[in-house]
Amino acid sequence: MPRTRLASTAAAFAAALALSAAPAVASDASDATWPFPPTEPPPPGQVEIDLVNANGSGCAPGTAAASVAPDKTAFTVTYSEYLAQAGGGSSPIDSRKNCQLAVLVSVPQGYTYAIARAEYRGYADLADGATGTQKASYYFQGMPQTEAVTHELPGPYQENWQFNDRANVAIYAPCNAERNFNINTELRVDAGSDPDRVSWMAMDSTDASITTTYVFSWKKCD
């Protein structure tokens, strides 16, 4: 994917590693039990967010796009071909799709950032006995901590889905240092007991309305 630069006037991108799973809900549901401390106001000056790289079978070049919310509280990725399917003669390769994002955030000196919550949305059509799985892991470049969160969606299921990963402990980027923040996601589908029935799970939509959102948090450095 071509390098994409997203500039804002006052904000911070966020990233955290200790995330906990929340259950699948309808795509328009909200998470009112967000266990994350109040954040400080966004920093003054310009914040630049670079989508340095996006690669994987779920985000081939030209099929993923990134944007920053107008109020600078969230970072959103939209996919157009992120779909896993199994059964009905599907190739085994089609049953697992993945995408790795590398994001570089440049913030004014004296500020740092963390992710408070990640929200994943999509649509699934799963036969009885089939299973869909969404997984995500998060880590800063050069740091050993990696937190993986997995959600399962049992069939039968035929509607929108949403999973929320919520930070229990804020892990911030090092102050006054630029590090890529890596987000690895994966979709898997198991056809179950009826291999003739196609089951699929997607983080995409024909109207480009299916997105993944990462909610920002920021603070001043000591």
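When you take every Cα atom in region 107-159, what is the radius of gyration, and what is Dmax, the widest Cα pair distance, in Å?
Answer for region 107-159, Rg first and Dmax second: 16.8, 54 Å.
To the nearest 10 square angstrom, how much accessible area does Y82 have with a 1.4 angstrom probe?
Rounded to the nearest 10, that gives 0 Å².
What does the net charge come to around A127 if you take all other residues with beta carbon closer than 12 Å to its beta carbon, with K and R at +1 and D and E at -1?
For residues surrounding A127, the net value is -4.
The values are calculated or read from the model by the stated rules, or taken from the named source; none is laboratory data. A quick note: this is a predicted structure, and the numbers were derived from the prediction, not measured. We place every Cβ from the backbone using ideal geometry, glycine too, and count neighbours over all the protein chains shown. When the accessible area is computed, the model is the full protein with side chains, heavy atoms only, and any ligands, DNA or RNA have been set aside. Shrake-Rupley method; radii C 1.70, N 1.55, O 1.52, S 1.80 Å.
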